[in-house]
Amino acid sequence: MAASILLLLGTILGARSGQAPSLLAIHRLDGSHFETAAQWQFLAPRLENVDVVGLAEPIHMTHEFPILRIGIIRFLNEHLGFHTLALEGSLVDAWATQDRFLASARSDRDASEAQLALFPLWNTPEIRELFQYEAASWSTQNRLYVTSYDVQPGSGKGTYGVEAIRLLADRLTTYAAPPVNLARDTWLHDLQPLTGGCGAFTPADAPAAIHAIEQLETWIATASPVVAARFPDVPMHSRSLRLVPASLRGSLALCTGMASHSASYKALRDGQAAIFAEALRNVSIDRKLMLWAHWSHLTYDDSLAGPSVGYALRQRLGERIYTILPVADRGSAIMIFPAPGSDDDVGYGWVRAGSDQFATRMRALSSTPFLVDLRDASVRNDEAFAGSQTVWIESRPVRLSLIRNADAIVWLPQIGPPHVPLPLLMVLGGMHYRKTLAVLAVLLLVAGGSALVWRRRPRPARSSRAA
């Protein structure tokens, strides 16, 4: 309470000095040290009665957004009892790579291998720091465990398709032999239709998949006590393993729904993922969970695309879920461009926030990053937050009500792309423009060829004058 009063007084004094034209209470942040846990201490009273913290991502590939989320994760893990972090993807991919990570020397190279369970877009140096921190935490009293709340097996960069199931089998074999009636090749074949976004699934695949999941459940029942005994200091590893069959049943429900065209892929996926997120929270240490996902999955108001994970959890948990959304004023990043039925259209783009009342107010409040608690009365009574605001989501501005969709925003005046090697940055940055670049290349080739033909054309002989 005292900290909030001091923040409000500081903001008022700033307004009198010409720095901020409003009574809006903000907490200024040091943008060069987002990753430090100490900087986020002010969140403690806000999250005292919260069970789930949502870490929303509006743009997939930036430098700043992952770093600030890691700082929040560090604080929550070390001070508020949040020891489980779940991302998009699949528990199958996450558990198998985490098991390999736990059994490794836990070097930076091993952290990179653990990161391969994530989507290709999340394989950046910034997000690698998450796994490096996780490994370091395993030698402390506050052990972080990274998993997935999602139901998309075989979606990781290094665990694509059936390879996720294959790696799961390889890791389980180190703890217990498979059931005698499990023929590995047949078992892999029966689970493969659940991978790859259900693209190869047909209703005829369901009975075999159900049987394969039952076999896996028997195998895990034998292996999980051994896992728990081998890693007693990381109990979430064995607890999450016991949830793998439930995760695959969620994947089967997703694929079955897609085959019957009962709803959109996102709506079906988020419906199953919300159920599974609650299951993870129920088995986690202190029954607390952090969710790292794209804004579209954590928003509270997602009626057009169907109920999101955030919407479902908000309905069940009320204010015991708290979602933080970073908002960029300007800059550049590798973004997802809208493409029908696909999230694979990525390329370099510019963030160009508008000049509406919200953006104008944020710029006037501070030239450095800051957090605004949307539950604060000063926000509820501020005209800049009435109605909807313009927020940059991936490659375009989106109008939304921040108060209805999140609990806090972190305002960043400037963002940039991830610190990946320049050749990779150029490849990623140019993917969205590949058709245009191909046309330009063809035009240049045609122009170059035409110029060459023109230069080599036969020329008429010069007539000579008689002397």
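The values are calculated or read from the model by the stated rules, or taken from the named source; none is laboratory data. Keep in mind that this is a model prediction, so the values were computed, not measured. Note: ideal-geometry Cβ built from the backbone for every residue, glycine included; neighbour counts use all protein chains shown. The accessibility values were calculated without ligands, DNA or RNA, using every heavy atom of the protein model including side chains. Shrake-Rupley method; radii C 1.70, N 1.55, O 1.52, S 1.80 Å.
From the list Arg375, Arg399, Arg361, Arg320, which residue is without any contact (Cβ under 8 Å) to a residue 12 or more places away in the chain and basic (Lys, Arg)?
Numbers: Arg375 fails: without any contact (Cβ under 8 Å) to a residue 12 or more places away in the chain; Arg361 fails: without any contact (Cβ under 8 Å) to a residue 12 or more places away in the chain; Arg320 fails: without any contact (Cβ under 8 Å) to a residue 12 or more places away in the chain.
On inspection, the qualifying residue turns out to be Arg399.
The rows are residues; the columns are (1) part of a loop (DSSP other than H, G, I, E, B); (2) touching a Leu at 6+ places or on another chain (Cβ under 6 Å); (3) open to solvent by less than 60 Å² (accessible area, probe 1.4 Å); (4) modelled with pLDDT of 95 or more.
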{"residue": "Leu168", "(1), (2), (3), (4)": "no, no, yes, yes"}
{"residue": "Ala176", "(1), (2), (3), (4)": "yes, no, yes, yes"}
{"residue": "Asp185", "(1), (2), (3), (4)": "no, no, no, yes"}
{"residue": "Ala200", "(1), (2), (3), (4)": "yes, no, no, no"}
{"residue": "Ala206", "(1), (2), (3), (4)": "no, no, yes, yes"}
{"residue": "Ile210", "(1), (2), (3), (4)": "no, no, no, yes"}
{"residue": "Leu216", "(1), (2), (3), (4)": "no, no, yes, yes"}
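Any chance the stretch 314-321 includes a residue that's part of a strand (DSSP E or B), at pLDDT 95 or above and not acidic (Asp, Glu)? Reasoning before the result, please.
The first filter runs over the stretch 314-321 and keeps only residues part of a strand (DSSP E or B), leaving 321.
Now drop any that are not at pLDDT 95 or above, which leaves 321.
Imposing the further condition that a residue be not acidic (Asp, Glu) reduces the set to 321.
Scanning the stretch 314-321 turns up at least one residue that is part of a strand (DSSP E or B), at pLDDT 95 or above and not acidic (Asp, Glu).
For the stretch 377-441, which fully contained strands (runs of 3 or more DSSP E) count at least 1 residues that are surrounded by 12 or more Cβ atoms within 10 Å (Cβ to Cβ), polar (S, T, N, Q) and in contact with a helix residue (DSSP H, G or I) (Cβ under 7 Å, 6 or more places away or on another chain)? Reasoning before the result, please.
Details: elements: 389-393, 396-400, 408-412.
Counting at least 1 such residues, we get 389-393.
Restricted to the stretch 40-67, and to residues that are under 17 Å from Gly310 (Cα atoms) and part of a loop (DSSP other than H, G, I, E, B), which residue is most open to solvent (accessible area, probe 1.4 Å)?
From the stretch 40-67, those under 17 Å from Gly310 (Cα atoms) are 47, 50-58; that's our starting set.
Among the residues that remain, those that are also part of a loop (DSSP other than H, G, I, E, B) are: 50-51, 58.
Numbers: Val50: 4, Asp51: 28, Pro58: 1 Å².
Selected residue: Asp51.
From (1) of a type in the set (S, T, N, Q); (2) touching a residue at least 40 places away in the same chain (Cβ under 8 Å); (3) within 25 Å of Ser240 (Cα to Cα), pick out the condition that doesn't hold for Gln315.
Gln315 satisfies all of (1) of a type in the set (S, T, N, Q); (2) touching a residue at least 40 places away in the same chain (Cβ under 8 Å); (3) within 25 Å of Ser240 (Cα to Cα) except (2).
Could you check how many residues of the stretch 136-165 are in contact with a helix residue (DSSP H, G or I) (Cβ under 6 Å, 6 or more places away or on another chain) and closer than 30 Å to Tyr265 by Cα? Write out each step before concluding.
Applying the first criterion (in contact with a helix residue (DSSP H, G or I) (Cβ under 6 Å, 6 or more places away or on another chain)) to the stretch 136-165 yields 142-151, 153-154, 156-157, 159, 161-162, 164-165.
Those still in the list that are closer than 30 Å to Tyr265 by Cα too: 145-151, 153-154, 156-157, 159, 161-162, 164-165.
Matching residues across the stretch 136-165 total 16.
Can you give me the number of residues within the stretch 227-257 that are under 17 Å from Ile210 (Cα atoms), assigned to a helix (DSSP H, G or I) and of a type outside the set (Ser, Thr, Tyr)? Working first, answer last.
Step one: filter the stretch 227-257 for residues under 17 Å from Ile210 (Cα atoms), giving 242-257.
The next check asks that each one be assigned to a helix (DSSP H, G or I); those that pass are 244-257.
The next check asks that each one be of a type outside the set (Ser, Thr, Tyr); those that pass are 244-246, 248-250, 252-255, 257.
Number satisfying all stated conditions: 11.
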